[in-house]
Amino acid sequence: MRTVSIAFLTALAACGSAPEPAPAEKAATAAVEAPAEPAVQLPPPPRYVGRWAESADQCTEGWWRFWHDELLTKAGMRCDILPPDVASGDEMRRMVCQSGGKWSREEWTLAYPSANTMTVSRDGGAPTTFGKC
């Protein structure tokens, strides 16, 4: 009788539980149930990012190409744009530049007189005006 009771209870327990899902079903269910991660809002790129030239005809021959952390000119100057600190931002940037095989530390002042115009003053020198290409 004891054997019959154990068999009956085992059968009853098996009827009440759901069958174990296959691994593929588990993955599909987990993917559907997982909450979506919130989108990360990135800050806009600095205003200087892009290709600039002193005149429209220089956009193919005399350009300066600014990335977030680097500057490259058609003439071969290359600068690392250092991360801003308390004393610098989009308007004042510290750079480490290489031109003609020589390295220099520089501080540039950037100004934006209009949406597509930027002036650059290197180490307090006379400003050079660029238009966005």
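Each value in this text was obtained by applying a stated rule to the coordinates, not by laboratory testing. Keep in mind that this is a model prediction, so the values were computed, not measured. Note that we place each Cβ from the backbone using ideal geometry, even for glycine, and neighbour counts take in every protein chain shown.
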Worksheet item: Taking 0.36 nm per intervening residue step and subtracting the Cα-Cα distance, what contour gain separates ARG122 from ARG105 on full extension?
Response: 5.1 nm
Response to the item:
In this structure, the FRET efficiency calculated for GLU91 and GLU54 from their beta-carbon separation, with R0 = 25 Å, to the nearest 0.05, is 0.80
Worksheet item: Can you list the trypsin sites (Lys or Arg not before Pro) in the range 61-133 that are in a DSSP coil and have 15 or fewer other beta carbons within 10 angstrom?
Response: LYS74
Practice prompt. Take peptides 66-72, 37-43 and line them up by average Cβ neighbours within 10 Å, highest first, as a rough protection proxy.
Written response: 66-72, 37-43
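When Lys and Arg each count +1 and Asp and Glu each count -1, what net charge do the other residues less than 14 Å away from SER114, Cβ to Cβ, add up to? Intermediate results must be reported in sequence, preceding the final value.
On the way: positive: ARG47, LYS132; negative: none.
Here the count lands on +2.
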Worksheet entry | Positive-end extreme of charge dipole, the range 50-132 - chosen from GLY124, TRP64, ALA111 (charges on Cβ) | TRP64
Worksheet item: Counting Lys and Arg as +1 and Asp and Glu as -1, each charge on the Cβ, what is the dipole of the range 50-132 about the Cα centre in debye, to the nearest 20?
Response: 180 debye
Response to the item:
Note: the range 50-132, point scatterers on Cα, Debye, no solvent; log10 I/I(0) at q = 0.14 Å⁻¹ equals -0.45
Item to complete: Starting from the Cα of LYS74, move 7 Å in the Cα-to-Cβ direction to define the label point; list residues of the range 101-133 whose amide nitrogen is under 19 Å from there.
Response: 117-120, 128-133
Discussion item. For the range 33-85, what does the relative contact order come out to in percent, with C-alpha contacts under 8 Å and a separation of six or more?
Written reply: 22 percent
